[in-house]
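Have a look at the structure below before the remarks.
The values are calculated or read from the model by the stated rules, or taken from the named source; none is laboratory data. Since the structure is predicted, the reported quantities are computational estimates derived from the model, not experimental observations. Cβ placement follows ideal geometry from the backbone for every residue including glycine, while neighbour counts extend to all protein chains displayed. Ligands, DNA and RNA are stripped out before the accessible areas are found, and what is left, the full protein with its side chains, is counted by its heavy atoms. Shrake-Rupley method; radii C 1.70, N 1.55, O 1.52, S 1.80 Å.
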Amino acid sequence: MSQPSSRDLPLANRRIVLGVTGSISAYKAADLASKLRQAGAEVEVVMTPAATRFIAPLTFKSLTGRDVVVDMFEAAETEAHVEVARRADAMVIAPATADTIASLAHGHAGDMVSLTALATAAPILLAPAMDSQMWEHPATAANIATLRERGVELVGPATGRLASGRVGPGRLAEPAAIVGALRLLLGRRTGDLRDRHIVVSAGGTHEPIDPVRFVGNRSTGRMGFAIAEAARDRGAEVTLVTGPVALETPVGVRRIDVQTVAEMLVALEQVTARSDAIIMAAAPADFRPAAPADHKIKKAPGQERLVIELEQNPDIIATLPGGGVRVGFAAETRDLAAYARQKLPAKRLHFIVANDVTAPGSGFGTETNQVVIFHDDGRVEEFPLLSKYAVAHLILDRVRERFPRSS
Ligand code: CTP
């Protein structure tokens, strides 16, 4: 695959100020800074003096390639304190201590973190971390309520074992969850799919043979999950209807789990009643056992064969009446173009994303995909091997083009 493009990096060209304050969990902010960089962001770190007791500014300087500002007086000389705040697309404070939360709520500017928060017009995401007693204290609760009213967003705190040994709310959210919350926040504010409801289906289905066995396929759900993630990053409200898969739900995405084609159909009928697009990336089983057994099928002595009769499942996308812009997939092992073209009218699709699942780098379980898009007006677009996330954006670009102009 070629160099990652901005279409592979969800935070490309975003300037993120990371404020780090004095909590034992400050070490996790190093992982967060690294994840933000990997996602393409430019990261500028500001720290409170207390944070430097837990983790060295040099760690962040090495991870971000930029100077870290701790001393507000030094920063004031170069006007850096206002500059950092002005340039930001978003500010994340992780970990945010009870003390910093109090400072923010009361508009204090006694250190670089609270000063930057006060001086920026960018959205602020707080990831609180403290002992549960402090988190639950009415003073902290009131400060959080004030900040929420002002539009500050929160991720966590998670509940679990705390540094004090106590178990309760107060753990810093995991860095991956913080990055997810940030992508959601930025998408909701600036994404080109804001106010759109996009429904995505993903994964294969499990059609029961008996209570312990099923008929299934090799779909891992990766393509559908990448579409859900990309749509979330662009500000859409996303509903993901998925068969059994081993993937984390992207932050901010509504997930509905189903097992069978029958269940997937019911779920999709409900959620596409008010959707702007349905992107059918799932691999529903075409056939299901005609008479699943109520009990585990036992082998009889000497039994050499077991015949399971299969009956056809409904074609979900062909059955769904509307859903807005309709996108299908065609996973083929031969005659890609002919089969994909047949499926367009049969399933009433605006376009179909076809791939040869036997090609290297395409198909089940890979992180990449090489697709051809066939449109209902006869246009055909061929693409190189790309990450599934980049393919997701290509699909969403084309979905967006199909939205009625007036709405
Ligand atoms: N699809 C569906 N319901 C099914 C089977 C498939 O909605 N019961 C959808 C898939 O999600 C995909 C498109 O139809 O978007 C094409 O799926 P594919 O498996 O390639 O084709 P089939 O319609 O199953 O046709 P065939 O088995 O002949 O290839």
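Numerical summary
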{"read-out": "Residue tally, condition more than 8 Å from the ligand (Cβ to nearest atom) and either more than 18 Å from Val391 (Cα to Cα) or among the aliphatic types (A, V, I, L, M) (or both), over the range 322-339", "value": "10"}
{"read-out": "Enumeration of residues in the range 30-68 that are buried (at least 20 other Cβ atoms within 10 Å of the Cβ) and either closer than 18 Å to Ser103 by Cα or outside the structural domain of Asp89 (by TED's automatic domain parsing) (or both)", "value": "Val46, Met47, Thr48, Ala51"}
{"read-out": "Matching option when the condition is part of a strand (DSSP E or B), of a type outside the set (Ser, Thr, Tyr), open to solvent by 10 Å² or more (accessible area, probe 1.4 Å) and farther than 20 Å from Ile227 by Cα, among Arg288, Arg334, Arg255", "value": "Arg288"}
{"read-out": "Of all residues making up the range 352-398, the number that are open to solvent by 20 Å² or more (accessible area, probe 1.4 Å), part of a strand (DSSP E or B) and at pLDDT below 90", "value": "2"}
{"read-out": "Some residue of the range 130-150 being part of a helix (DSSP H, G or I) and touching a residue at least 60 places away in the same chain (Cβ under 8 Å)", "value": "no"}
{"read-out": "The listed residue being at pLDDT 90 or above, in contact with a Gly (Cβ under 9 Å, 6 or more places away or on another chain), under 27 Å from Val258 (Cα atoms) and surrounded by fewer than 21 Cβ atoms within 10 Å (Cβ to Cβ), out of Ala293, Ala273, Ala277, Ala281", "value": "Ala273"}
{"read-out": "Residue that is farthest from Leu394 (Cα to Cα) [pool: residues in the range 192-236 that are within 13 Å of the ligand (Cβ to nearest atom) and among the hydrophobic types (A, V, I, L, M, F, W, C)]", "value": "Val215"}
{"read-out": "Pairs, first assigned by TED's automatic domain parsing to the domain that holds Thr205 in the range 278-298, second within 16 Å of the ligand (Cβ to nearest atom) and open to solvent by 90 Å² or more (accessible area, probe 1.4 Å), C-beta under 7 Å, six or more apart", "value": "Asp286/Gln312; Phe287/Gln312"}
{"read-out": "When residues of the range 374-394 are limited to those that are of a type outside the set (A, V, I, L, M, F, W, C) and touching a Lys or Arg at 6+ places or on another chain (Cβ under 6 Å), the one farthest from Arg234 (Cα to Cα)", "value": "Lys388"}
{"read-out": "Within the range 316-357, tally of residues that are free of Cβ contacts under 8 Å to residues at least 12 places away in the same chain and of a type in the set (A, V, I, L, M, F, W, C)", "value": "1"}
